[in-house]
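Student: My structure is below; once you've seen it, I'll send some questions.
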Amino acid sequence: MPKLRGEAFWRETLRSAHYVVAPMVDQSELAWRLLSRRHGAQLCYTPMLHAQVFLRDANYRRENLYDEACPEDRPLIVQFCANDPEVFVQAALLAQDYCDAIDLNLGCPQMIAKRGHYGAFLQEEWDLLQRMILLANEKLSVPITCKIRVFPEIDKTVKYAQMLEKAGCQLLTVHGRTKEQKGPLAGVASWEHIQAVRKAVNIPVFANGNIQCLSDVEECIRKTGVHGVMSAEGNLHNPALFEGRNPLVWEMAEEYLEIVRKYPCPLSYVRAHLFKLWHHTLQVYQQLREELAKVKTLEGIVDVNRELKLRCQEEIANQKEGEKPKEGLPFFHWICQPYIRPGPKERCRENGDSGTEKGVRGKRALEEEEDGNSELLSKNKQKKKLRNPNKSFDPSLKPKYAKCDQCGNPKGTKCVFNMCRGCCKKRAFKEVADCPGHGLLFKTKYEKSLSWQHSQRGIQTPEISQRGDTEVGETAVLKEAGDSTG
């Protein structure tokens with residue numbers, strides 16, 4: 001059967017999906033996808049998978065895709081991050097039988113994506129992206145899709161989308177924020193950019209950004225003309241978003257925990273989901289927030305969830321007639337509802353800062369402070385400071401390591417070759433040498449093995465010369481020595 005493309009792919013394979021759950025690292029696992037599908041989601045993405053790791057690690061493939069195969073979990077799109085055409089396609093070939101399409105992540109704006117050189121940090125490398133999509137479109141039996149972030153300029157964003165379409169992308173998800181818009185600086189997504197892309201391409205387009213409730217979905221489709229709308233944060237705080245409902249939090253939490261019993265996932269995923277669902281309630285019951293953070297078993301999480309439910313039911317029973325939600329919330333805290341992320345100025349007011357330039361500096365600037373003033377440190381570093389008051393974050397005080405002559409990693413202080421262990425092992429093996437500093441004894445073990453072999457033959461042990469043409473048995477001895485010291 002020929003591979004469906006564009007509109008036909010969206011209409012037949014994806015069943016004209018309008019309501020889409022975004023790919024979310026450690027959050028869009030099978031249990032959460034099934035919960036979302038029960039409450040209106042029509043299409044789901046896996047969490048972002050690392051193509052290089054997926055290709056080389058069978059356990060990673062099994063834990064993140066193969067073991068999660070479920071007939072109820074379709075249509076499904078598997079998302080990869082990658083920066084090498086061959087690696088991306090080889091990983092996708094291993095995944096294509098378990099999904100309906102392969103998505104290339106070109107939207108992740110996080111620092112880990114910058115360090116790994118993937119996600120939104122590839123958006124200027126159009127030649128590389130063309131090669132990746134062309135090769136995937138040629139080799140895969142399922143369509144290739146992309147998720148992107150916009151450029152500040154609408155014209156450049158449109159040209160970017162058209163380039164991806166021309167290369168073979170069959171569906172495009174456009175997050176209406178730039179890669180700089182993240183965390184407290186996220187701001188409002190630009191539907192104007194999304195609308196321009198929708199008008200300029202002939203493939204289906206999904207919109208992402210500013211989706212907190214069903215009315216947002218409907219308004220986005222009306223204003224931009226997109227085929228579907230993707231939700232991430234909104235879905236995490238209210239899995240029934242696409243049904244247009246705001247259910248009681250414990251109803252969603254209990255249903256999710258039941259699904260987790262059937263389709264287990266790491267406890268960290270479960271805890272993170274409950275932190276999102278119970279977000280507003282945990283501002284009220286701080287002690288239970290701490291208990292949820294410390295609990296080590298699924299049953300323990302179930303117990304905390306049950307206690308939160310009892311506290312809320314007791315609060316409802318004691319509620320006065322005409323009482324309104326506090327903290328400016330649209331609903332009482334025990335009802336699923338959106339969380340509006342505070343901007344930089346709001347965060348400053350929450351933290352008691354004056355709102356001056358010093359108060360609104362970004363996290364990265366705070367982390368690079370060279371003095372020990374805890375007021376200028378990030379929350380994470382302040383916690384470390386509490387545990388160890390003598391700890392300093394001054395970069396100039398960090399120990400300086402001598403670098404390996406070969407690769408630049410820290411070298412062993414006692415290495416005879418002035419190398420790191422990996423490079424030292426390669427050289428010592430090649431030269432049949434010892435490095436006591438790294439515990440590598442290739443020469444010693446080689447000499448001992450020859451001595452033993454000659455003693456067995458009744459021949460006097462010859463002098464060891466430079467390694468030249470050796471017998472097959474001697475080569476095997478070297479390999480055995482390498483294995484034992486590795």
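The values are calculated or read from the model by the stated rules, or taken from the named source; none is laboratory data. Note that this is a predicted model, so its numbers are computed, not measured. As a convention, Cβ positions derive from the backbone with ideal geometry for all residues, glycine included, and neighbour counts pool all protein chains shown. Side chains are part of the model used for accessible areas, which takes the heavy atoms of the whole protein and leaves out ligands, DNA and RNA. Shrake-Rupley method; radii C 1.70, N 1.55, O 1.52, S 1.80 Å.
Student: Just one of (1) touching a residue at least 60 places away in the same chain (Cβ under 8 Å); (2) within 20 Å of PRO47 (Cβ to Cβ) trips up GLN181, so point out which.
Tutor: (2)
Student: Let me ask something additional. Within the stretch 378-400, can you find the residues that are under 23 Å from PRO410 (Cα atoms) and loosely packed, with under 10 Cβ neighbours inside 10 Å?
Tutor: Of everything in the stretch 378-400, those that are under 23 Å from PRO410 (Cα atoms) and loosely packed, with under 10 Cβ neighbours inside 10 Å turn out to be PRO395, SER396, LEU397, LYS398, PRO399, LYS400.
Student: Same structure again: When you go through (1) open to solvent by less than 50 Å² (accessible area, probe 1.4 Å); (2) in contact (Cβ under 8 Å) with a residue 40 or more places away in the chain; (3) in contact with a Leu (Cβ under 9 Å, 6 or more places away or on another chain); (4) not polar (S, T, N, Q) one by one for LYS139, which number turns out not to apply?
Tutor: Only one criterion in (1) open to solvent by less than 50 Å² (accessible area, probe 1.4 Å); (2) in contact (Cβ under 8 Å) with a residue 40 or more places away in the chain; (3) in contact with a Leu (Cβ under 9 Å, 6 or more places away or on another chain); (4) not polar (S, T, N, Q) is unmet by LYS139, namely (1).
Student: It is to be established whether one or more residues within the stretch 55-64 are on the phi < 0 side of the Ramachandran plot, in contact (Cβ under 8 Å) with a residue 12 or more places away in the chain and open to solvent by less than 10 Å² (accessible area, probe 1.4 Å).
Tutor: There is no residue in the stretch 55-64 that is on the phi < 0 side of the Ramachandran plot, in contact (Cβ under 8 Å) with a residue 12 or more places away in the chain and open to solvent by less than 10 Å² (accessible area, probe 1.4 Å).
Student: If we scan the stretch 193-200, do we find a residue that is open to solvent by less than 10 Å² (accessible area, probe 1.4 Å) and more than 29 Å from LYS3 (Cβ to Cβ)?
Tutor: No, the stretch 193-200 has no match at all.
Student: Would you mind telling me which numbered condition in (1) open to solvent by 20 Å² or more (accessible area, probe 1.4 Å); (2) part of a strand (DSSP E or B); (3) of a type in the set (D, E, K, R) ASP103 fails?
Tutor: Of everything listed in (1) open to solvent by 20 Å² or more (accessible area, probe 1.4 Å); (2) part of a strand (DSSP E or B); (3) of a type in the set (D, E, K, R), ASP103 misses just condition (1).
Student: Residues that are in contact with a Ser or Thr (Cβ under 7 Å, 6 or more places away or on another chain) and polar (S, T, N, Q): which strands (runs of 3 or more DSSP E) entirely in the stretch 1-82 hold 1 or more of them?
Tutor: Answer list for the stretch 1-82: 76-81.
Student: Need at least 2 residues that are under 24 Å from GLN27 (Cβ atoms) and among the polar types (S, T, N, Q) per element, so show me which helices (runs of 4 or more DSSP H) inside the stretch 260-338 make the cut, counting only ones lying wholly within it.
Tutor: Passing ranges: none, list empty.
Student: Only residues that are closer than 30 Å to LYS383 by Cα and not small (Gly, Ala, Ser): list them for the stretch 393-421, please.
Tutor: Residues satisfying the conditions are PHE393, ASP394, PRO395, LEU397, LYS398, PRO399, LYS400, TYR401, ASN409, PRO410.
Student: Continuing with the same structure: Tell me the residue from LYS326, LYS294, LYS320 that is closer than 26 Å to PHE242 by Cα and without any contact (Cβ under 8 Å) to a residue 40 or more places away in the chain, please.
Tutor: LYS326
Student: With the requirement that a residue be farther than 20 Å from ASP405 by Cβ and of a type outside the set (Val, Ile, Thr), what does the stretch 427-451 give you?
Tutor: Matches in the stretch 427-451: LEU441, LYS443, LYS445, TYR446, GLU447, LYS448, SER449, LEU450, SER451.
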